[in-house]
Structure formats: C-alpha cells, structure tokens
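The values are calculated or read from the model by the stated rules, or taken from the named source; none is laboratory data. On a predicted model such as this, the values are computed, not experimentally measured, just so you know. With ideal geometry, Cβ positions are generated from the backbone for all residues, glycine too; neighbour counts draw on all protein chains shown. When the accessible area is computed, the model is the full protein with side chains, heavy atoms only, and any ligands, DNA or RNA have been set aside. Shrake-Rupley method; radii C 1.70, N 1.55, O 1.52, S 1.80 Å.
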Amino acid sequence: MTSSTGRSLAELIGGTDERGLAAAGLACLDRCLPLLAPDRAEVLRPVWAAIARADAAAWGEAVAKVRVELDGAGGEAAGDGGVVTMVRAMADGIPADWAEAPLRAWAERCSAAALAVHRVHDVTEDGPLHAGELRRQLAVLDAVAHGPTGLRRARELSVEGGRVLRAVVSRRARTA
C-alpha cells in the first residue's frame, strides 16, 4: 500500500523531519494506548502540544510526565498475544531527546508495533483492521508533511483509530 503521493510507509518515514517522526510515532502510540491504559486517554495531549511547537525542552518535559503517568499502567492479559507488552514498549521507548536519529528509530518501531497490535486483533493476518492501521499511518505521514497544520489531522486520525481498535477489542471480549 502506498500514500497519496505514491510513496511507501518506509519511504515516508525515511524522508520526514523531527516533527513528522515525533507525530508518526506518537500517533501509533495514541491509537494503541487504550489497550495499555484505557482510563488515560488524554495523557498524550501535552506531547502533541510539544510537537506542534517543535520545542525540544517542552518535548522532554512532556515525555517525562507521560512516563510517570503511565508507570505501572496495564498488565499482561492472558491470551492477548503480547499486545500489552508491545504497547508498553512503544510508551517506554519515547525518546527524551528531540533529535532525528532517536525519533526515527522510535517512529519505525512504533509503526511496526502498531501494525502488529492490529494484526493480533484482526480476523485474518492482513485483514481490515491491519489494513486500516496501515492507511492511517500513511495518512498521518501525509498530513504531517504539511507542517504544524497537519498535526490536527494526525491527531484526528489517531483518535478515530483508537476508537476502532477499542470497539474491536470490546466486541471480542463480549463474544469470548
């Protein structure tokens, strides 16, 4: 699958700047966070604000607060396919430094983890949930390529994706 510009996910991640990398990684975490901390939906809001400002100090401070807020959140659920562990790794891996190399590595890990999380909850290996996550990741990277104005769209996509994932997990829990 490719973006509206015809570029692959790897190409988009490879060609984005610090703000885009931070937004891409955070968007993946934001969509999956309800599986780790369902009662803490707004915990990432200050990190989104730091991305909008592209402020290294604000980023570091917001990341430190998120780490404290999420410390001890979640717990490995039996039969969850390691999903909580993957989301925890995404949250724990947020780089404290606003620098291209650590942000790129984190965005790449978050992309892979979010796709894996969606694959675990999908009806087939590359089913509609996984495909939807891939489309959202491409759309987020397309949106943030437009600078700060694209962050609002990236956040909207994350909120939408989080609702979809929560609904699927909830429905599965009711039928199990």
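Ligands, DNA and RNA aside, D97 has an accessible area near 100 Å² when probed at 1.4 Å. With both labels modelled 7 Å from their Cα along Cα-to-Cβ, the R53 to R174 distance reads 4.2 nm. Derived value for the chain: Kirkwood hydrodynamic radius 16.0 Å. Basis is the mean of 1/r over every pair of different alpha-carbon atoms.
When only Cα pairs below 8 angstrom with a gap of at least 6 residues are kept, the chain shows a relative contact order of 34 percent.
Could you do me a favour and compute the accessible area per residue for the chain, 1.4 Å probe, result in Å²?
That works out to 47 Å² per residue.
Rounded to the nearest 0.05, the FRET efficiency derived from the C-beta distance between E100 and A41 at R0 = 25 Å is 0.30.
Let a ≥ b ≥ c be the square roots of the eigenvalues of the Cα gyration tensor of segment 75-153; is it rounded (a/c under 1.5), or, if not, prolate (a/b larger than b/c) or oblate? Verdict is oblate for segment 75-153. Charge dipole (Cα centre; +1 on Lys/Arg Cβ, -1 on Asp/Glu Cβ; no other charges) of segment 18-99 amounts to roughly 180 debye. For segment 32-40, the Karplus equation 6.51 cos²θ - 1.76 cosθ + 1.60, evaluated at θ = phi - 60°, returns couplings of 9, 3, x, 6, 9, 9, x, 8, 10 Hz by residue, with Gly and Pro reported as x.
Remark: the K65-T85 segment gains 5.2 nm on full extension, using 0.36 nm per residue and subtracting the alpha carbon distance.
Here the Kirkwood formula, the inverse mean of 1/r across different C-alpha pairs, assigns segment 26-121 a hydrodynamic radius of 13.5 Å.
In a fully extended conformation the segment linking R166 and A112 would gain 17.5 nm over its present Cα-Cα distance, using 0.36 nm per residue. Each Lys and Arg adds +1 at its Cβ and each Asp and Glu adds -1 at its Cβ; summed about the Cα centre, segment 74-165 shows a dipole of about 300 debye.
Measuring only protein heavy atoms, the 1.4 Å probe finds D39 accessible over about 120 Å².
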